[in-house]
Amino acid sequence: MLPESPVLADSGPTFVINLRDADIRSLSEQVSEITSRTLVLDPNVTGVVTVISTTPLTAAGVWELFQSVLAVQGFAALPSGDLWRIVPQATIREGGTTPQETPNPGRLDVITELVTLRNFPATTAVAALRPLVASFGYIEAIVDTNTLVITDTAENVRRIEDIVRALDVDNGQEVYSIRVRNADATEVGAALQGALGSAVEGAAGNALIPRVTVDARSNTILLNTDPETIAVARDIVASLDVPGPPVPSVLPITRVYNLRFADAESMAEVLQGLVGSGGLATNPIAESLPDPDFFSGEVVDATLGQLATAPPVSSLAAEDISIQAVVDSNAIVVRARAEVQADLAALIGQLDQRRPQVLIEAAIVEVSGDIAEALGVQLGFGAAAPPAGFAATSFSPGGPTLRNILTLLGAPVAGGVSPQGLSIGLSSQDEFGVLLQALGSSTKANLLSNPSITTLDNQAAEIIVGQNVPFRTGSFTSEGSTQNTIERRDVGITMRVIPRVNQGDVVQLDIEQEASSLAQSTVQGAADLITNTRSIKTTVLADNGGTIVLGGLISDDRQTNQTDVPGLSRIPVVGGLFRSRQESARRQTLFVFLRPTILRTRGDAQAVSGNRFQRLRAIEAAPPDQGSLLLAPKPVQRLPVEIDGLY
């Protein structure tokens with residue numbers, strides 16, 4: 001509340017009231033101080049109010065404003081001696097004061113009035129006047145005295161009294177009420193008065209023209225006429241009471257949007273940025289990802305295409321809209337006009353879509369010697385290789401075949417494997433399993449790791465299989481002792497991948513793969529452990545369910561070992577008889593087999609889970625290792641029979 005305004009200083013102190021989300025009890029305290037009234041608040045009187053005004057008000061005006069605020073919140077002020085009780089409106093029927101108790105009530109004070117009728121029954125008047133009484137008000141008839149008992153605000157009681165006086169005439173007619181639901185009762189009443197006035201006057205030849213009274217607050221028409229005319233009047237009102245053209249709402253409404261797939265905070269940021277910029281965002285859902293640069297793909301392309309044709313929102317202003325995220329329930333609360341709500345609801349529906357998942361299976365293999373060179377030649381006939389010396393291919397008719405790879409690895413070739421690289425009677429899932437089995441059982445290849453991971457489209461995923469090894473990074477002297485500083489690093493197999501699902505079930509894979517190990521031998525001059533590292537960082541395309549191979553990481557390991565007999569090996573001429581020197585060379589090539597599978601639905605995920613389960617069942621069914629002939633074989637824990645509903 002602002003201090004006294006000098007404009008109306010002659011009429012006493014004035015106040016300018018501006019409140020936003022103020023507690024109604026705090027407002028009551030301020031009103032009590034301004035109006036010098038003692039207020040007693042019911043325990044149920046709670047809530048927050050907002051009052052925006054620039055007009056200076058006197059103490060009486062502040063009291064009237066306070067009564068209006070109470071009415072909006074569902075409360076009312078009732079006098080009780082020198083006190084005023086603030087109670088819910090539902091409890092004030094018995095609390096209205098009589099004119100004797102309050103000679104000059106304010107227009108919003110709740111009073112009880114007795115109105116005596118002379119020309120028509122009070123029970124008939126109650127039926128006609130009940131729609132005009134407030135929801136918390138009361139109107140009943142005393143049959144013996146033909147009197148109405150009305151409890152309502154003083155303003156509404158006076159209005160009802162005026163209507164009763166206008167209708168309480170001795171003309172042999174009755175009073176009827178007609179509720180107008182779609183049109184404006186004032187306009188319908190004017191048309192009805194003109195239509196019935198000319199019709200009755202022309203037919204009856206007298207001056208008993210029906211009297212039409214309109215109550216604008218309840219949008220009701222009161223008609224004083226005879227029973228024959230009321231049927232005509234109802235037909236006329238029914239023909240006029242039709243919905244008009246939609247009028248844009250100027251009042252904001254509040255809606256809650258429960259999200260199924262999107263994140264509420266990210267969605268709120270997108271919508272706020274959209275509204276604040278006055279136009280469509282460049283990529284409205286990129287903020288929902290950890291890194292916006294990772295965002296693209298099939299679903300996004302379709303969504304952005306729809307957004308391009310969405311209704312323009314350049315007329316929206318940030319102050320017209322409030323968008324908040326409810327993290328606990330993953331919902332968006334939007335307060336805006338009805339037409340804006342419709343636009344935002346359409347955008348939210350387009351953005352809140354289920355994103356596909358991608359299952360990425362990998363096989364990281366070391367192949368040595370001539371087998372590596374032969375396999376590299378096979379892979380070189382595939383699709384175009386990416387730059388930086390890598391080779392990449394997929395199992396297509398023009399490239400390497402599964403039969404050739406199995407033959408090179410020394411694995412048995414089943415009769416069902418065709419020369420075109422397909423497995424007769426086997427799905428692509430089984431074909432990859434055959435390859436893994438061959439890699440794991442071959443003595444010519446070392447299957448370093450067989451990781452697999454499922455992640456969302458455009459979501460980074462990482463697999464680390466190895467050890468966390470301490471490395472000495474430095475040393476310092478403290479109080480005469482030397483202290484070493486240690487840094488722990490992961491050593492083993494690491495694979496980082498970001499899948500992007502594009503049109504036509506083509507998956508783009510951003511891959512970073514690293515295979516590191518601790519060197520078995522020491523290097524002269526090295527202060528700590530030595531690691532061997534081979535890494536691949538590339539981007540490739542693969543079809544859904546297709547296998548792609550990356551290769552070309554070659555390492556040479558050359559070692560020289562010398563053994564001698566101390567002393568004798570240094571004798572000239574004959575010393576060579578007492579020492580030996582051996583040199584060895586080992587060449588290894590690292591290949592990475594990748595197979596992405598798109599999981600769009602629950603059924604896709606269940607199918608993949610079932611396939612993995614069958615692989616475990618096959619391992620379980622294999623003959624157990626006999627081990628020692630003297631010891632009984634260890635019991636094998638059996639898998640459950642079914643996995644329905646598990647994925």
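Worth pointing out:
- Where residue 103 falls short, out of the listed (1) assigned to a strand (DSSP E or B); (2) at pLDDT below 75: (1)
- Boolean, residue 493 is out of contact with any Leu (no Cβ under 9 Å at 6 or more places or on another chain), in a strand (DSSP E or B) and among the aliphatic types (A, V, I, L, M): no
- Whenever a residue of the range 314-330 is at positive phi, its partners that are exposed (fewer than 10 other Cβ atoms within 10 Å of the Cβ) and modelled with pLDDT of 70 or more, lying with C-beta atoms within less than 9 angstrom and at least six residues away or across chains, give the pairs 330/260.
- The residues of the range 55-72 that are surrounded by fewer than 18 Cβ atoms within 10 Å (Cβ to Cβ), in contact (Cβ under 8 Å) with a residue 24 or more places away in the chain and within 40 Å of the chain's Cα centre (by Cα), listed by number, are 68, 71.
- Matching residues in the range 469-514 - criterion: being charged (D, E, K, R) and closer than 19 Å to residue 536 by Cα: 489, 490, 496, 500, 510, 512, 514
- Residue list for the range 52-81, filter: assigned to a helix (DSSP H, G or I), polar (S, T, N, Q) and within 15 Å of residue 91 (Cα to Cα): 73
- Members of the range 30-51 that are within 16 Å of residue 65 (Cα to Cα) and surrounded by fewer than 13 Cβ atoms within 10 Å (Cβ to Cβ): 33, 36, 50
- Candidates in the range 119-171 are the residues that are out of contact with any strand residue (DSSP E or B) (no Cβ under 8 Å at 6 or more places or on another chain) and farther than 17 Å from residue 222 by Cβ; of these, the one that is modelled with the highest pLDDT is 155.
- Take the conditions (1) touching a helix residue (DSSP H, G or I) at 6+ places or on another chain (Cβ under 6 Å); (2) surrounded by fewer than 21 Cβ atoms within 10 Å (Cβ to Cβ); residue 154 misses just one of them, which is (1).
- Taken over the range 471-492, the residue count meeting the criterion of being at positive phi and surrounded by 11 or more Cβ atoms within 10 Å (Cβ to Cβ) is 1.
- Among the residues making up the range 481-513, those that are more than 30 Å from the chain's Cα centre (by Cα) and either within 21 Å of residue 448 (Cα to Cα) or among the small types (Gly, Ala, Ser) (or both) are 481, 489, 490, 491, 492, 493, 494, 495, 512, 513.
- Flag if residue 341 is modelled with pLDDT of 90 or more and crowded, with 16+ Cβ neighbours inside 10 Å: no
- Filter result for residue 536 (part of a strand (DSSP E or B), aliphatic (A, V, I, L, M) and either over 30 Å from residue 353 (Cβ atoms) or modelled with pLDDT under 85 (or both)): yes
- Scan the range 539-558 for residues that are modelled with pLDDT of 65 or more and part of a strand (DSSP E or B) and the total you get is 9.
- Screening the range 192-275 for strands (runs of 3 or more DSSP E) wholly inside it with 1 or more residues that are at pLDDT 85 or above and more than 30 Å from residue 323 (Cα to Cα) returns the ranges 211-215, 220-225.
- Matching residues in the range 174-186 - criterion: being over 46 Å from the mean Cα position of the chain (by Cα) and of a type in the set (Asp, Glu): 174
The values are calculated or read from the model by the stated rules, or taken from the named source; none is laboratory data. Worth saying up front: this structure is predicted, and the values here are computed from it rather than measured. Note: ideal-geometry Cβ built from the backbone for every residue, glycine included; neighbour counts use all protein chains shown.
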